[in-house]
Amino acid sequence: MDQGNQPAPQPQYNSVPMQPKKKKTGLIIGIVLGVIALIAIISAVLVYFLWWQNPEKMVTDAVSNAIMAKKMTADGKVVIDMRDQGKIELNVKTATESGKSKASIDAKLNVKGVEKNIPLKGDAVLDSDGMIYVKINNFKDLYGTLLEIVMESSSGGNLSRSQIETYRDQTLEKMGSEIDKMSDTWMKISPDEIGSEYKCGINALKKIQSDESARKELAQIYQKNSLFTIKDSKISDRNGGRGFELQGNNKSNSSKFEEEFKNSSVGKALGKCGKSNGYDSNDESTSIDESSLKVWVDRSSHELKAVELKGNDKKASVEISFDINVNKSEEIKVPSSAESLKEFIEGFMEGYSSGLSSTSTR
């Protein structure tokens with residue numbers, strides 16, 4: 001056959017791989033997955049900033065988380081200025097866990113018209129059964145200061161500073177053993193000595209601490225009827241938390257919270273303890289002229305990190321400021337032995353009377 005008449009060779013379509021098509025398909029899939037990932041990232045960022053970092057949600061979650069917490073530590077200060085009467089300053093470190101609490105207190109009392117400040121350093125423990133244990137760590141200094149104040153006021157200013165100090169030193173020496181014992185002894189106050197309302201309140205508190213469903217119920221009531229709204233969200237950070245200044249929510253929310261709280265398991269338990277243990281949003285006996293409440297909330301966990309409360313009226317002003325660590329605690333040791341505070345004070349006063357008469361005859 002003549003070469004010019006031979007048919008042209010046909011391409012072998014079946015044997016050629018479709019590489020360009022696969023590359024194009026993979027590219028499309030990659031673009032789609034990238035878009036989905038981008039949408040997911042954008043959504044997460046929007047959720048974080050618009051919902052999770054929403055000030056109202058942060059504060060509501062912080063209060064709810066504090067209600068749900070079974071342990072907590074706090075470190076702060078309380079200042080009460082009673083205008084014409086005096087001023088109290090307390091530095092407090094406290095911890096709570098499993099129904100037990102402890103506190104270390106370093107206090108200073110300034111009485112109007114009295115030159116010296118009255119110092120007080122002590123520890124306190126609250127057991128889960130309501131028993132209160134107290135110990136005064138600087139009893140000698142406290143007692144010596146009180147002696148000076150009593151002598152100065154009772155003498156009408158007729159005694160010199162040297163005479164007052166001499167009397168103080170003689171009395172402290174005479175009562176040395178009693179004072180040393182007082183400084184190293186845990187003293188207890190039983191629920192029976194305080195009263196039935198206190199015992200009832202302790203039982204209600206136990207329910208909150210031991211019953212998770214009761215804590216959830218309170219948290220849900222607060223979430224539905226928040227008592228606060230955001231007044232200012234541009235407060236400087238503190239203790240690792242974002243700051244907010246709060247103001248009271250509308251009266252309707254307060255009334256709804258009060259009603260639902262009264263009908264809750266905890267509210268019903270407290271309702272049996274007497275009127276003073278109930279929550280009343282209409283109670284004006286505790287109203288103050290000016291007040292400020294600030295809280296600091298962890299951005300990630302929405303746990304409460306700090307709280308600051310200031311109140312002011314014609315009779316007194318109060319400042320309360322604490323750094324808080326939720327779901328953290330310290331070891332709380334309940335004293336293995338303690339004397340009755342009432343009996344201990346009675347015995348000490350007998351010794352004081354004896355020492356007073358003995359010192360006055362010198």
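In whole Hz, with x marking every Gly and Pro, tabulate ³J(HN,Hα) for the range 73-87 from phi via Karplus 6.51 cos²θ - 1.76 cosθ + 1.60, θ = phi - 60°.
Listing the rounded values in order: 10, 8, 9, x, 9, 10, 10, 10, 9, 9, 6, 7, 9, x, 9 Hz.
What is the calculated FRET efficiency for Ser162 to Leu309, with r their C-beta to C-beta distance and R₀ = 41 Å, to the nearest 0.05?
It comes to 0.35.
Take Lys93 and Asn327, extend 7 Å from each Cα along the Cα→Cβ direction, and tell me the distance between the two endpoints in nm.
2.4 nm
Describe numerically, in nm with one decimal, the distance between label points set 7 Å from Cα along Cα→Cβ at Val114 and at Asn239.
3.1 nm
How much accessible area per residue does the range 112-241 have, in Å², with a 1.4 Å probe?
Using a 1.4 Å probe on heavy atoms only, each residue of the range 112-241 averages 55 Å².
If the chain between Asp232 and Lys251 were fully stretched, how many nm would it gain, using 0.36 nm times the residue separation less the Cα-Cα distance?
Here the answer is 4.8 nm.
Multiply the residue gap between Ala316 and Asp84 by 0.36 nm, knock off their C-alpha separation, and tell me the result in nm, one decimal place.
Here the segment from Ala316 to Asp84 would lengthen by 82.6 nm.
Leaving out ligands, DNA and RNA, and with a 1.4 Å probe, what % of the accessible surface on the range 124-226 is carbon or sulfur?
Result for the range 124-226: 49 percent of the exposed heavy-atom area is carbon or sulfur.
The values are calculated or read from the model by the stated rules, or taken from the named source; none is laboratory data. Remember, predicted model here, so these are calculated numbers, not experimental data. Note: ideal-geometry Cβ built from the backbone for every residue, glycine included; neighbour counts use all protein chains shown. Side chains included, ligands, DNA and RNA excluded: accessible areas come from the protein's heavy atoms. Shrake-Rupley method; radii C 1.70, N 1.55, O 1.52, S 1.80 Å.
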